[in-house]
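Visitor: If you scroll down you'll find the structure; I have some questions about it.
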Amino acid sequence: MLTITDLTKTYPTGTAALKGVSFSISEPQVVAIIGPSGSGKSTLIRCINRLIEPTSGSVVLEDLNITKLGRRKLRKARRRMGMIFQEYNLVERLTVMENALSGRLGYVSFWQAFRRKFPPEDVSKAFQLLDRVGLEGYHDTRADALSGGERQRVGIARALMQNPALLLVDEPTASLDPKTSRQVMRLLVELSKEFGTLTLVNIHDVGLAQMFADRIIGLRLGEVVFDGTADQVTEQVLTDIYGEEDWSATIRKVPEGDDDDEDEATAKAAS
Amino acid sequence: MTTTIEASNSQNNVPAPRQWHTIKLIENPYYRYGLIVLAIAYFIFAVTTLEIDWSRIYTGLPRAGDIFTRMVPPDFSRWSLLTRGILESVQIALAASFFGMILAIPLGLCGARNLVPKPVYLVARSIIVLTRSFHEIIIAIFFVKIFGFGPLAGVLTLIVASTNFIAKMLAEDIENMPAGQLEAIRATGASFPKLLIYCISPQALPRYLGVSIYRLDANIRHSTVVGIVGAGGIGQVLAATFTRYDYDFSLAILMCIVGLVFIGEFFSNWVRGRLR
């Protein structure tokens, strides 16, 4: 489904952010990418949709070689790749609905976008998704009036409006408190399963990664140093990825979800 | 004696008191004080060489008094000429602001480094810098030479000035936009025109309108000035009254200009207050 082969990125400053990253994912699932700051996580997911142009290597999504596409074809390919950001990156002066509908910008014409006249099926899908992420009744609220957790929910709705095959998620919880982080991650994972998307999540919180990801890829200095399931993450693995530290408290000990008490209703109320 | 104390201190490992002072703008004291001395020396040199003729100031004072006494009472009898001049100035200001607002959009977009390739950016910025480097009066003289006396030269002058002012503000506003929003909209597969209308325009519009209204206010003031070199409007009427020694009519015009600028300023503040 997604195959990355020998991907490298060297910035004009000479910094080698990625040094030959290769991995392959064959089915829709949640894959967490962990690694210290500067290990190339953000560069990696931006090289996949070419917001950052990779230096060499290839990215193949559903038999389409993204790295070989021209500008027009790349825009078309980007429609199938939703992206979610640490800083939410909503257009602040637009309403929640306009932000959600911006996920359809790759599909509608210029005049439709200019007059904000989206096809009725897009609008009803946006309403459904906003309800689903717990923002019922918020559609006419301006984005700059929302809290962090609410903004990230709009971000998720915007990405899913694209009808994506692949979700690229860059530190979705790094600006959120621990409880909201868990709620947002749970929502993200549930929706990925519902929509059948492959979801790549950059994440700093190893505990969250273990809790929610089917597979974990560890990056260090632009190279893959670990690739396995959550259970395979040991203190030795974390030392390989991050360096020497006391990891005994970081490894998740309880294998199944310890927070099933919170349902979506409380999630909405809390955010 | 001191050396033995220092020696014994270092033996007993008592740390010497550590010095701290704020970072000076110029660290080297010779440069620092040298610059101050140079500045004072130049000031003295300038004052002594400018040949300020105190006797001319002395003889000028009664003449000033004479002009002021001949100014009062202001003469509003030629009100039709006055209103025609004022209206022409307002029209010059409105037309210049309108075309300036439109022309500033492409120039401002091309002058935003985060939107366009470097060559386009450099060309747009050069146009902005070049037109900004000339004062309105100089541009007005130029246009009067080309198109002759009258409001056309005034309108063209203020279009140039408004365009580069609004364009510069717009470009800087866009450059200050958070990069993440642009990145997010690009990531949806949106083309550049859609990025413009869906992300840049909603974020930049309120400030663009605010700057444009401010520029309208400024254009009303400038339109009275460019007339003095013959580019139409009330300024041209004013210049004529001075050459004909009609000082009482001059005062009437000056009072009307003050009133006009007051109204312009009030309107501009009111609109910009509502935009927030």
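What follows draws every value from the coordinates through simple rules; no lab data is involved. All figures in this text were calculated on a predicted structure; none of them were measured in a lab. Virtual Cβ from ideal backbone geometry, glycine too; neighbours counted across all protein chains shown.
Visitor: I'm checking my understanding of the structure. Among residues of segment B:70-85 that are outside any loop (DSSP other than H, G, I, E, B) and either without any contact (Cβ under 8 Å) to a residue 60 or more places away in the chain or surrounded by fewer than 17 Cβ atoms within 10 Å (Cβ to Cβ) (or both), which one is farthest from the chain's Cα centre (by Cα)? Walk me through it before giving the result.
Guide: At the first step, the residues of segment B:70-85 found to be outside any loop (DSSP other than H, G, I, E, B) are B:70-71, B:79-85.
Going one step further and asking which of them are either without any contact (Cβ under 8 Å) to a residue 60 or more places away in the chain or surrounded by fewer than 17 Cβ atoms within 10 Å (Cβ to Cβ) (or both), we end up with B:70, B:79-81, B:83-84.
Details: B:Arg70: 34, B:Trp79: 32, B:Ser80: 32, B:Leu81: 30, B:Thr83: 28, B:Arg84: 28 Å.
Once the filter is applied, the top-ranked residue is B:Arg70.
Visitor: Among the residues of segment B:217-230 satisfying the criterion of being buried (at least 21 other Cβ atoms within 10 Å of the Cβ) and in contact with a Leu (Cβ under 8 Å, 6 or more places away or on another chain), which is farthest from the other protein chains (Cβ to nearest Cβ)?
Guide: Applying the filter and picking the extreme gives B:Gly227.
Visitor: Separate question: When you go through (1) surrounded by fewer than 17 Cβ atoms within 10 Å (Cβ to Cβ); (2) of a type outside the set (Phe, Trp, Tyr); (3) part of a helix (DSSP H, G or I) one by one for B:Glu88, which number turns out not to apply?
Guide: It is condition (1) that B:Glu88 fails.
Visitor: When you scan segment A:113-221 for helices (runs of 4 or more DSSP H) that lie fully inside it, which ones turn up with 2 or more residues that are under 14 Å from A:Tyr88 (Cα atoms)? Before the answer, list the steps.
Guide: Numbers: elements: A:120-132, A:148-161, A:178-195, A:206-212.
Fully inside segment A:113-221 and qualifying: A:148-161, A:178-195.
Visitor: Scan segment A:68-122 residue by residue and report those that are touching a residue at least 40 places away in the same chain (Cβ under 8 Å) and closer than 24 Å to A:Thr55 by Cα.
Guide: A:Arg79, A:Arg80, A:Met81, A:Gly82, A:Met83, A:Ile84, A:Phe85, listed by residue number.
Visitor: Being within 14 Å of chain B (Cβ to nearest Cβ) and within 17 Å of A:Ile33 (Cβ to Cβ) narrows it down to one residue among A:Leu168, A:Leu221; which is it? Break it down into steps so the answer makes sense when it comes.
Guide: Numbers: A:Leu221 fails: within 14 Å of chain B (Cβ to nearest Cβ).
Only one candidate passes the filter, namely A:Leu168.
Visitor: Hey, A:Arg151 hits all of (1) over 14 Å from A:Gln86 (Cβ atoms); (2) of a type in the set (Lys, Arg); (3) within 14 Å of another protein chain (Cβ to nearest Cβ) but one; which does it fall short on?
Guide: (1)
Visitor: Would you please name the residue that is nearest to the other protein chains (Cβ to nearest Cβ), looking only at residues in segment A:171-180 that are crowded, with 20+ Cβ neighbours inside 10 Å and under 14 Å from the mean Cα position of the chain (by Cα)? Lay out the reasoning, then the answer.
Guide: Here is the first cut: in segment A:171-180, the residues crowded, with 20+ Cβ neighbours inside 10 Å are A:172-173, A:176, A:180.
Filter once more, so that each one left must be under 14 Å from the mean Cα position of the chain (by Cα): A:172-173.
Details: A:Pro172: 13, A:Thr173: 16 Å.
Top of the filtered list is A:Pro172.
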